[in-house]
Amino acid sequence: MTERKEYRFSEIEARWQKSWDEHGRFCVERHPDKPKCFVLVMFPYPSGRIHMGHVRNYTIGDVVARYKTMKGFNVLHPMGWDALGMPAETAAIERGIHPADWTWNNIATMKRQLRALGFSYDWRREVATCDPDYYRWEQKVFIEAFRKGIAYRKTSLVNWCREHGVLANEQAEGGICWRCSGPVVQKEMPAWYLKITDYADELLDGLKTLSQGWPDYVIRQQENWIGRSVGAQVRFPLEKGGEPLTIFTTRPDTLYGVTFMSIAPEHPRLAELTTPERRDEVARFVEKAARTGVRRVEQEGLAKEGVFLGSYAVNPLNGRKVPIFAANFVLMEYGTGAIMAVPAHDQRDFEFAKTCDLPIEVVINPPGQELDPASMTSAYVEEGVLVRSAAFSGMNNRSAIEAIVDHLEKEGIGSRTIHYRLRDWGISRQRYWGCPIPMIHCDQCGVVPVPDDQLPVKLPYEASFDGKGNPLDKLESFRRTTCPTCGGEARRETDTMDTFVESSWYQFRYASTDRANAMFHRSDVDYWCPVDQYIGGVEHAIMHLLYARFFTRVLRDLGYVGVDEPFTRLLTQGMVCMETYYHTEDVGDGTRVKRFHFPEDCIQEDGRWHLKDHADSPVTVGPVEKMSKSKKNVVDPERILADYGADTARLFIMSDSPPEAGLNWSEQGVKGAYRFLERIFAFAEDLAAWKATPPSAGQPSDDGLPLECRKLAHKTAKAFTADLERFSFNTAIARSRELGNFLFSKGAALAAAGQLDVVSEAFLTLVRLLHPFVPHLTSELWGLLGGTGEPSDHGWPTWDEALCVEDSLELPVTIGGRVRAKLPVPRGTAPAEVEKLALESPLVLKWTEGKTVLKVIVVPDKIINIVVK
RNA sequence: GCGAGGAUGGUGGAAUUGGUAGACACGCAAGGUUGAGGUCCUUGUGGCCAAUAUGCGGCUGUGGGGGUUCGAGUCCCCCUCCUCGCACCA
């Protein structure tokens, strides 16, 4: 046999990438006669270099895009950069690099890396959100939203460090500033908001239209996030008289069980409700609560605490006098900032009552039971029958909700109300590297938008980054301006926008290539949008997607787009994980800490792991965790490209797990993928050689092998396609391996038997099926085997349905729940006939001997189950 | 703490609607090739017990416990552990 050529992936990949680039192969235009398909992957934050999470996300997108192209769709597949955000500013503070330079450098590096992976992007449509030509349109939309009342200003609480100003939650973990370890307090500051709550009902209803294309769990989480709850506002008169205290409750059926009230520590009426003798203690509590913040009580599970204010409210239904508390878990933003507490039927109230020794009053009993407050260990929150509730006693609690609210409305004590857990979107950031909010503060004229002809408000390059407060705020040349209305001296707004704003509309920007003078063109958006398939990380399941859905509706209401929903179908991909390598070290005071190592610094010898250069430094192989720099369990995609090539990286990342699940990186798995490609390459070489010089015809093959080969190829095409349609990439690849394994072991025999056409057809089917996954190698082999152009010029493989069905089946027969026999029958045999054959079968007789056949269940063409006794 | 999801061999996973659990791959083992191997090929591989069993030897097995069903990895209830999100990270 002649010596085989080596699989030189780097040569092949570079050549095809160059060809695609030069021919503008992935540049697309509107095409009225072709069905369109917009495949969008979540654009990356340009943090420096791409990581495996990106490779996974973008490979999934590329496989979908290339598959849809082969299916005949006009596919839009763009890429861009979510380029504004905190890390650029952190780099400026810590390393003295300007955020703009840092970002643009990172973009250049990452773009080069993405190109090396062979993704089919139309790079003409690239966007970078830090480009003033991008964010100017956001400023324009903001001003229009402001004029419509969708954007507004109000005060809100922020994390505040005396030294470093406003901090993000992640910079204020544990109530401590990440830079100076100083205390972080909650401080009131004015901030800009977008009125997402006005769209709450629409965003909720819209989820119904998405149920076909979005994962259920994302829809459920969005529903819960919006948190629409129907309940009642109830006015509790105060014992001392005056304005009653209004609370919101979703459980008016428990009104007779109220034993105390709680209000948020920042409730405007706190001082008024506090008696003079309680003032000091309450002040201490409020101060402490401000230091902690409600968020940490909720998220970090801190103790729920409260303080008695000294005054009382009166239950409007039963006249009971109940104490009023301030509590650190009551949110001012939700409802009215005040709640009625029913410890018997609300778990949080129950815990609070137990710690503060407050009474518990049962007003709902489980059917046929009677609860005793003294022996309860948790609140009873299920349905039941009302007791001790005056005229409502004896009613089912569900109907009591309606009856009691009717009563409240009739008596003028309360009313039906709907509240949302969703709060308005606070978009102000006291940071430099964001889109400037285009507003001007004038002492005479108030808050005035920047006039259209002065847009964009560009970020000034000259700014100093010392980590202490907002650089824009300290830059006089930026701050000082004149009022567009009166011409007087005025101050520019120095807040920038939340970077979630840019990622709320980038999908529309991609639709147009000609956008020097427009955000995008309506005709382009009308053709390409909405996005047919959106693909990105699970971590964005709530916020990004909700904001983008909201912003799309804002753009719709401002006349920019004609769609309600931006993303028709959604695929959420899991994270890329890897085992950790570490050793533990004593830090002196007896506590041991983990010191992590990069996997490439560790080596296994004689079954033990140790550091490469120090055989006496043992290393523990830890659990598989999400790849992260801090744990050092990262693999640089570029190294994988150098060692194995883009096709191998793409194939492995798609073959080892379903896309929604986490993917465990495995170097061995990568090698397995590489081996498969090598074998494909080698087989193609063989096949080309056979074609050039047909092997001398041996014995004609009449053993059914050619038919088996054809059937397998057609069945594989069918199943592979079905798998792609449901994004089951890993099983699709498994099927392609089965076809490959068959050809590798039987191909030569078939060729020798004069069945070269059969082998060739099957192999070319394999090449075409794999093309979206391994585009470089398959394009190469397609040409080698005499195909014109590339596999994608020839559409998606089809199959002959007749070759996909088996006419004879082997039905499993289970007796007493165990498979005891296999019954050969033709497909479609009538159940009665199957039953007869089964009961006559010797093996079945062996197992039913001495027993009574009670029942025979025949599932046609599937299984036979015999129930015996 | 609240909301959402998950758990199947030594490992990643497969089983599309309740119908043969473990496809495909990794690893491992044996044999062959190479005779440098991080190469290649063949065979085997859930566990336990058997030892060629008159047609496929038996038992057991999908995080733990209970239930529904002729039949449960799949449906229901309880528990444990893991992951994601929680509004200024993106």
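Can you tell me how the range A:604-681 classifies by the Cα gyration tensor, rounded, prolate or oblate, using a/c under 1.5 as the rounded cut? It is prolate, given that a/c is not under 1.5 and a/b is the larger ratio.
Taken about its Cα centre, the range A:228-420 carries a charge dipole of about 320 debye when Lys and Arg each add +1 at the Cβ and Asp and Glu each add -1 at the Cβ.
Between the range A:377-444 and the range A:743-764, the C-alpha centres lie 70 angstrom from each other.
Taking every alpha-carbon pair under 8 Å whose residues sit at least 6 apart, chain A reaches a relative contact order of 12 percent.
For the range A:146-240, the spread of Cα coordinates along the three principal axes comes to 50, 49, 33 Å, biggest extent given first.
Residues within the reach of a label modelled at A:Glu678 (point 7 angstrom out along Cα to beta-carbon, backbone nitrogen below 18 Å), restricted to the range A:7-23, are A:7-13. Around the Cα centre of the range A:696-853, unit charges on the Cβ atoms of Lys, Arg, Asp and Glu (plus for the first two, minus for the last two) sum to a dipole of about 680 debye.
The length gained on full extension between A:Asp198 and A:Asp643, counted as 0.36 nm times the residue separation minus their Cα-Cα distance, comes to 154.8 nm. Placing R0 at 60 angstrom, the Cβ-Cβ distance between A:Glu810 and A:Glu579 gives a FRET efficiency of 0.90 after rounding to 0.05.
Projecting the Cα atoms of A:Thr292, A:Phe742, A:His794 onto the charge dipole of chain A, computed from C-beta unit charges around the Cα centre, puts A:Thr292 farthest toward the positive end. Sorting A:Glu11, A:Glu565, A:Glu22 by solvent-accessible area of protein heavy atoms yields A:Glu22, A:Glu11, A:Glu565, largest first, with a 1.4 Å probe.
Projecting the Cα atoms of A:Ile866, A:Pro46, A:Gly231 onto the charge dipole of chain A (Cβ charges, centred on the Cα centre) puts A:Gly231 farthest toward the positive pole. In the range A:228-420, the C-alpha radius of gyration followed by the widest Cα-Cα span (Dmax) gives 16.2, 48 angstrom. Were the residues from A:Ser399 through A:Glu667 laid out at 0.36 nm apart, the gain over their Cα-Cα distance would be 90.4 nm.
Could you give the size of the charge dipole of chain A about its Cα centre, using +1 on the Cβ of each K and R and -1 on the Cβ of each D and E, expressed in debye and rounded to the nearest 20?
Using Cβ point charges on Lys, Arg, Asp and Glu, chain A gives about 380 debye.
Of the Cα atoms belonging to the range A:666-804, the radius of gyration and Dmax stand at 14.7, 45 Å.
If R0 is 25 Å, the Cβ-Cβ spacing of A:Glu287 and A:Arg320 corresponds to a FRET efficiency of close to 0.20. Using a probe of 1.4 angstrom and keeping all protein chains present, the accessible surface of chain A works out to 45 square angstrom per residue.
DSSP beta bridges in chain A, what fraction antiparallel, as a percent rounded to 5?
Expressed as a percentage, antiparallel bridges in chain A total about 80.
For the set A:Lys154/A:Lys468; A:Lys111/A:Lys140; A:Lys71/A:Lys671; A:Lys715/A:Lys862, the pairs lying more than 27 angstrom apart at their alpha carbons are A:Lys111/A:Lys140; A:Lys71/A:Lys671. Take the Cα radius of gyration of chain A and divide it by 2.2 N^0.38 Å, N being the number of residues; the result is 1.18. Students often get this wrong: which residues of the range A:101-140 have the backbone nitrogen under 15 Å from the point 7 angstrom along Cα-to-C-beta of A:Ala168? Once the point is set 7 Å along Cα→Cβ of A:Ala168, A:103 turn out to lie under 15 Å by backbone N, inside the range A:101-140. In this structure the amide hydrogen of A:Val635, modeled in the peptide plane, comes within under 5 Å of the amide hydrogens of A:Met52, none closer than 5 places in sequence on its chain.
For the range A:322-335, 3J(HN,Hα) computed residue by residue from phi via the Karplus equation (6.51, -1.76, 1.60; θ = phi - 60°) reads 10, x, 9, 10, 9, 10, 7, 10, 8, 8, 5, 6, 9, x Hz, glycine and proline entered as x. Near A:Gln573, the amide H atoms lying under 5 Å from its own belong to A:Gly536, A:Gly537, A:Val538; only residues 5 or more places off or on other chains count, and H is placed 1.01 Å from N. Reported to the nearest whole Å, the Cα centre-to-centre distance from the range A:62-84 to the range A:462-508 is 35.
When the accessible area of chain A is computed with all protein chains present and a 1.4 Å probe, what percentage of it is carbon and sulfur?
Taking all protein chains in place, chain A shows 50 percent carbon and sulfur surface.
Scaled against the 2.2 N^0.38 Å expected of a compact globular protein of N residues, the Cα radius of gyration of the range A:423-555 reads 1.25. Size of the range A:808-868: Rg and Dmax of its alpha carbons, in Å, are 10.4, 32. Across the range A:254-264, computed HN-Hα scalar couplings (Karplus, 6.51 cos²θ - 1.76 cosθ + 1.60, θ = phi - 60°) run 9, 4, 6, x, 5, 10, 7, 10, 9, 10, 5 Hz from first to last residue, x flagging Gly and Pro.
Under a 5 Å amide H cut-off, with hydrogens placed 1.01 Å from N, A:Glu625 pairs with A:Met578, A:Glu579, A:Thr580 among residues at least 5 apart or on other chains. Each helix, a run of at least 4 DSSP H residues, gives -39500 (n - 2.57); summed and divided by the residues of chain A, these come to -11000 deg cm²/dmol at 222 nm. Here the 3J(HN,Hα) profile of the range A:219-231, calculated from phi with Karplus coefficients 6.51, -1.76 and 1.60 at θ = phi - 60°, is 4, 4, 5, 5, 4, 5, 5, 5, x, 5, 10, 8, x Hz, Gly and Pro shown as x.
Overall dimensions of the range A:357-479, expressed as equivalent-ellipsoid semi-axes from the Cα gyration tensor (√(5λ), whole Å, largest first), are 59, 21, 12.
Between the range A:303-354 and the range A:767-845, the alpha-carbon centres lie 65 Å apart.
Computed over the alpha-carbon pairs of the range A:473-613, the distance histogram in 5 Å steps reads 2, 7, 11, 11, 9, 8, 9, 9, 9, 8, 7, 6, 4, 1, 0, 0, 0 percent, short to long.
The values are calculated or read from the model by the stated rules, or taken from the named source; none is laboratory data. None of the values given here were measured: they were computed from a predicted structure. Because the Cβ atoms are built from the backbone with ideal geometry, glycine has one as well, and the counts that use them run over all protein chains shown. In case anyone asks, the SASA skips ligands and DNA or RNA and just uses the protein heavy atoms, side chains included. Shrake-Rupley method; radii C 1.70, N 1.55, O 1.52, S 1.80 Å.
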